[in-house]
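What follows is one structure encoded as structure tokens, with my remarks underneath.
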Amino acid sequence: MTKILLIGITGQVGQELQRTLTSLGEVIGVGRQELDLSQSEKIHQLISEIKPDVIVNAAAYTAVDKAESEPDLAMAINASAPKEMALAAQEIGATLLHISTDYVFNGKSHTPYLETDQTDPLGVYGKSKLLGEVGVRENCDRHIILRTAWVYGARGHGNFVKTMLRLGAERTELKVVADQIGSPTWSYDIATAITQLLTKSRDDSDINGIYHFTNSGVASWYDLAVASFAEARKLGFPLKIEQVLPITTAEFPTPTDRPAYSVLSKTKITAVLNNYPPNWSDSLRKMLKDWKNMT
Ligand SMILES: NC(=O)c1ccc[n+]([C@@H]2O[C@H](COP(=O)([O-])OP(=O)(O)OC[C@H]3O[C@@H](n4cnc5c(N)ncnc54)[C@H](OP(=O)(O)O)[C@@H]3O)[C@@H](O)[C@H]2O)c1
């Protein structure tokens, strides 16, 4: 039976992976308590003890703005830790699946980013994630790097959709950035795509490399907020919101720049998995139903 070590069980994607990966084999999930990724020497020890066939790293330092004032911690978790995982995986011949981000790009493109496009991260978070990719690529032969973007989900940590619904329950008017474009992506769909890739990798070692995966379609944060309110209202979420006003990024300054255009091409993963990612608005509806059932 395939033994899978899942790192980052409390995160949005980690929570979903705990469910989807069981179709592949025995899942041994670890969180920060069992493995603190800022202490890299523990990583090698744990992997050598468990000797998994597959390691899935769903953990990361994801506080994009805070990373600017905590660069050492962001680098330790996002760059040094994945490299340690890769070195340990290589020693035991394991496959390492690592999750990365659209923030490795500068967002100046006007067409969906390909896996082969030039990277150019804008801030500490993106730089740390890019170094993590390099550490994985250079140190583990059997690796898959899945870049995703604009993640939200019912389980795990907070996210844009949950924040909007909390604010929409308190206020009648909200201003939301409308000049950043991406593909909102449900954590469950990411977990499903990862499980499908890993299933495929059991018979096909040529599957190694970088993949882009998001839900299909594009939206601004403003579009996502408006759609979240419309769907949530249909499902009976308590909302006071009456008006959502589109604003520019310049009107909502943050400690670090964000890519203006974050759309990732799904051509490569669609060809490998033989199915196109679900549309973001269909997945948003499913996530909200899932969340509603949980509360
Ligand atoms: N969120 C997005 O919009 C987005 C966009 C593009 C790519 N991604 C990538 O997708 C992946 C999953 O993201 P997510 O949204 O699921 O992240 P998340 O919900 O913020 O979860 C992050 C996970 O990392 C763990 N973690 C953080 N610091 C740790 C440490 N020192 N030791 C051990 N575990 C630690 C967290 O544990 P605790 O619960 O203990 O904090 C949590 O399990 C990441 O690689 C991220 O970079 C995310």
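The values are calculated or read from the model by the stated rules, or taken from the named source; none is laboratory data. This is a predicted model, so every value here is computed, not measured. Using ideal geometry, Cβ is built from the backbone for each residue, glycine included, and neighbour counts are taken over all protein chains shown.
Please go through the stretch 124-134 and give me each residue that is buried (at least 21 other Cβ atoms within 10 Å of the Cβ) and more than 11 Å from the ligand (Cβ to nearest atom), ordered by number.
Val124, Lys127
Give the number of residues within the stretch 227-250 that are assigned to a helix (DSSP H, G or I) and polar (S, T, N, Q). Steps first, please.
Restricting attention to the stretch 227-250, the residues satisfying the condition of being assigned to a helix (DSSP H, G or I) are 227-234, 249-250.
So of that shortlist, the ones also polar (S, T, N, Q) come out as 228, 249.
Qualifying residue count, the stretch 227-250: 2.
Which one of these does Thr10 not meet: (1) buried (at least 19 other Cβ atoms within 10 Å of the Cβ); (2) within 16 Å of the chain's Cα centre (by Cα)?
Answer for Thr10: the failing condition is (1).
Taking the stated definitions as given, is Val136 in contact with a helix residue (DSSP H, G or I) (Cβ under 6 Å, 6 or more places away or on another chain) and under 22 Å from Ala219 (Cα atoms)?
no
Which condition from (1) in contact with a Ser or Thr (Cβ under 8 Å, 6 or more places away or on another chain); (2) closer than 21 Å to Leu114 by Cα is the one that Leu288 breaks?
(2)
Just checking, does the stretch 153-160 include any residue being on the phi < 0 side of the Ramachandran plot, without any contact (Cβ under 8 Å) to a residue 12 or more places away in the chain and either touching a strand residue (DSSP E or B) at 6+ places or on another chain (Cβ under 9 Å) or not β-branched (Val, Ile, Thr) (or both)?
yes
Working only within the stretch 35-74, note down all residues that are among the aliphatic types (A, V, I, L, M) and under 19 Å from Cys140 (Cβ atoms).
Leu35, Leu37, Ile43, Leu46, Ile47, Ile50, Val54, Ile55, Val56, Ala58, Ala59, Ala60
So, of the residues in the stretch 155-206 that are of a type in the set (Val, Ile, Thr) and more than 20 Å from the chain's Cα centre (by Cα), which turns out to be surrounded by the fewest Cβ atoms within 10 Å (Cβ to Cβ)?
Thr172
Return yes when Asp120 is without any contact (Cβ under 8 Å) to a residue 12 or more places away in the chain and either on the phi > 0 side of the Ramachandran plot or not in a helix (DSSP H, G or I) (or both) and no when it is not.
no
Could you check Ile77 against (1) surrounded by fewer than 18 Cβ atoms within 10 Å (Cβ to Cβ); (2) within 18 Å of Gly11 (Cα to Cα); (3) over 14 Å from the mean Cα position of the chain (by Cα) and say which number it fails?
(1)
Restricting the stretch 227-278 to residues that are in contact with a strand residue (DSSP E or B) (Cβ under 8 Å, 6 or more places away or on another chain) and exposed (fewer than 15 other Cβ atoms within 10 Å of the Cβ), which is modelled with the lowest pLDDT?
By that ranking, first place goes to Phe252.
List pairs: first residue in the stretch 3-28 and over 27 Å from Lys162 (Cβ atoms), second residue part of a helix (DSSP H, G or I) and not charged (D, E, K, R) anywhere in the structure, Cβ distance under 7 angstrom, at least six positions apart or on different chains.
The qualifying pairs are Ile4/Leu21; Leu5/Ile47; Leu5/Ile50; Ser23/Thr195; Leu24/Thr195; Leu24/Leu198; Leu24/Thr199; Ile28/Ile50.
Among the residues of the stretch 88-100, count how many are crowded, with 22+ Cβ neighbours inside 10 Å and in contact with a Leu (Cβ under 9 Å, 6 or more places away or on another chain).
So the answer is 8.
Grab the helices (runs of 4 or more DSSP H) fully contained in the stretch 1-114, keeping just those with 1 or more residues being within 11 Å of the ligand (Cβ to nearest atom) and of a type in the set (S, T, N, Q).
12-20
Considering only residues that are hydroxyl-bearing (Ser, Thr, Tyr) and in contact with a Pro (Cβ under 9 Å, 6 or more places away or on another chain), which ones fall in the stretch 1-25?
Hit for the stretch 1-25 is Thr2, nothing else.
Return yes when Glu68 is touching a Pro at 6+ places or on another chain (Cβ under 9 Å) and surrounded by fewer than 20 Cβ atoms within 10 Å (Cβ to Cβ) and no when it is not.
Spelling it out, Glu68 is indeed touching a Pro at 6+ places or on another chain (Cβ under 9 Å) and surrounded by fewer than 20 Cβ atoms within 10 Å (Cβ to Cβ).
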